[in-house]
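Below is one structure; the comments refer to it alone.
The values are calculated or read from the model by the stated rules, or taken from the named source; none is laboratory data. Note that the coordinates shown come from a computational prediction; the quantities given were computed from them, not determined experimentally. Here Cβ is always computed from backbone atoms with ideal geometry, including for glycine, and neighbour counts include all displayed protein chains. Note: accessible area is taken over every heavy atom of the protein model, side chains too, but ligands, DNA and RNA are not part of it. Shrake-Rupley method; radii C 1.70, N 1.55, O 1.52, S 1.80 Å.
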Amino acid sequence: MIIKQFSIPKQANQSFQIRRDYIPKHQSVWHYHEEFELVYVIRGTGTLFIGDRIKSFQSGDTVLIGSQIPHYWLFENHEEEAENDKPIDCIVIHFNSDLGSPNLLQMPELNPIKQLLQASKRSLIFPDQQSPRLSFLAERTLSLAGLPKLTSLFELLDFLCSQTSEPLTSEHYSILNQSDDQGRMNNLMEYIREHYKQKIKLEDLAALAGLTENSFCRYFKQKTGKTPVQFITELRISHACSQLKNGHLSLKEICYDSGFNNFVSFHKSFKAITQKTPTQYKNES
């Protein structure tokens with residue numbers, strides 16, 4: 001799969017775009033775009049692939065993705081949602097860094113928003129914001145038109161300025177050049193995503209990349225900041241976290257469903273990544 005650069009549709013009478021998604025659309029494609037992306041997950045769980053990070057998300061999470069950062073939303077399918085025509089519910093906003101005017105963010109009143117956008121170069125997640133205020137502002141921005149719609153977006157961003165957030169990409173992450181590297185990396189990402197519940201051989205990944213095993217390991221760590229084993233383990237643990245929060249499987253079932261061959265390895269990897277045991281994580285979720 002080749003990474004895709006998306007061009008967000010623009011309307012002449014709007015400085016930003018907002019929509020409500022009830023089924024995964026562009027989220028389920030590994031892509032990037034110039035615009036910032038703000039996603040408020042009202043309903044839905046899954047895994048977010050972003051830059052060099054894999055992060056589980058759940059209902060109530062809000063994510064602010066910086067410009068040009070590749071990302072991919074993988075929503076989980078739950079049996080109770082299979083009968084629902086609306087398996088997810090997300091409000092998605094795209095806007096340029098200048099918010100429609102080159103000098104707008106130079107206004108002192110907007111300095112907190114300017115700092116928020118600067119921080120979002122690493123992308124940010126605001127976890128579990130089941131906040132009536134956030135919900136109200138997102139819904140209102142979606143429903144309004146004209147100047148009130150723009151000022152409502154400012155209020156939404158200003159609200160997020162005061163909320164606790166976590167950076168997503170690592171400090172050393174740099175956006176890939178728009179080159180053949182992206183095609184290679186996305187083929188690898190897609191293969192890993194489709195096979196992480198099974199045994200993945202290093203030789204198969206190296207062959208897919210067209211490199212020797214040693215060269216592939218150096219290449220992969222240069223691009224993601226992780227070894228292939230670390231990356232795959234993190235993806236498996238992210239899936240396990242989602243299952244522990246939202247699933248009804250036993251710990252042993254989650255272990256094998258996440259791609260681990262034995263519970264000892266699962267338990268050790270889980271604690272190393274989350275700083276909690278699976279049982280502690282489940283009880284605290």
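Each residue in region 144-160 was checked for being buried (at least 19 other Cβ atoms within 10 Å of the Cβ) and of a type in the set (A, V, I, L, M, F, W, C), and 4 pass.
What's the number of the condition Lys121 fails, among (1) of a type outside the set (A, V, I, L, M); (2) surrounded by 15 or more Cβ atoms within 10 Å (Cβ to Cβ); (3) at positive phi? That leaves (3) as the condition not met.
Screening Val264 on (1) open to solvent by 60 Å² or more (accessible area, probe 1.4 Å); (2) touching a helix residue (DSSP H, G or I) at 6+ places or on another chain (Cβ under 9 Å) shows it passes everything except condition (2). When Thr169, Thr141 are screened for being part of a loop (DSSP other than H, G, I, E, B) and buried (at least 19 other Cβ atoms within 10 Å of the Cβ), only Thr169 passes. Candidates are the residues of region 199-218 that are in contact with a helix residue (DSSP H, G or I) (Cβ under 7 Å, 6 or more places away or on another chain) and not aliphatic (A, V, I, L, M); the one that is nearest to Lys55 (Cα to Cα) is Cys217. The criterion of at least 2 residues that are aromatic (Phe, Trp, Tyr) and not assigned by the TED database to the domain that holds Thr227 is met by the following strands (runs of 3 or more DSSP E) wholly inside region 36-117: 36-43, 71-75.
So, in region 189-232, of the ones that are among the small types (Gly, Ala, Ser) and either under 20 Å from Pro70 (Cα atoms) or part of a helix (DSSP H, G or I) (or both), which residue ends up most open to solvent (accessible area, probe 1.4 Å)? Within region 189-232, the match that is most open to solvent (accessible area, probe 1.4 Å) is Ala207. Cβ-Cβ contacts under 8 Å between residues 6 or more apart (or on different chains), taken from a first residue in region 115-130 that is within 23 Å of Gly44 (Cα to Cα) and in contact (Cβ under 8 Å) with a residue 24 or more places away in the chain to a second residue that is in a helix (DSSP H, G or I) and of a type in the set (Val, Ile, Thr), are absent.
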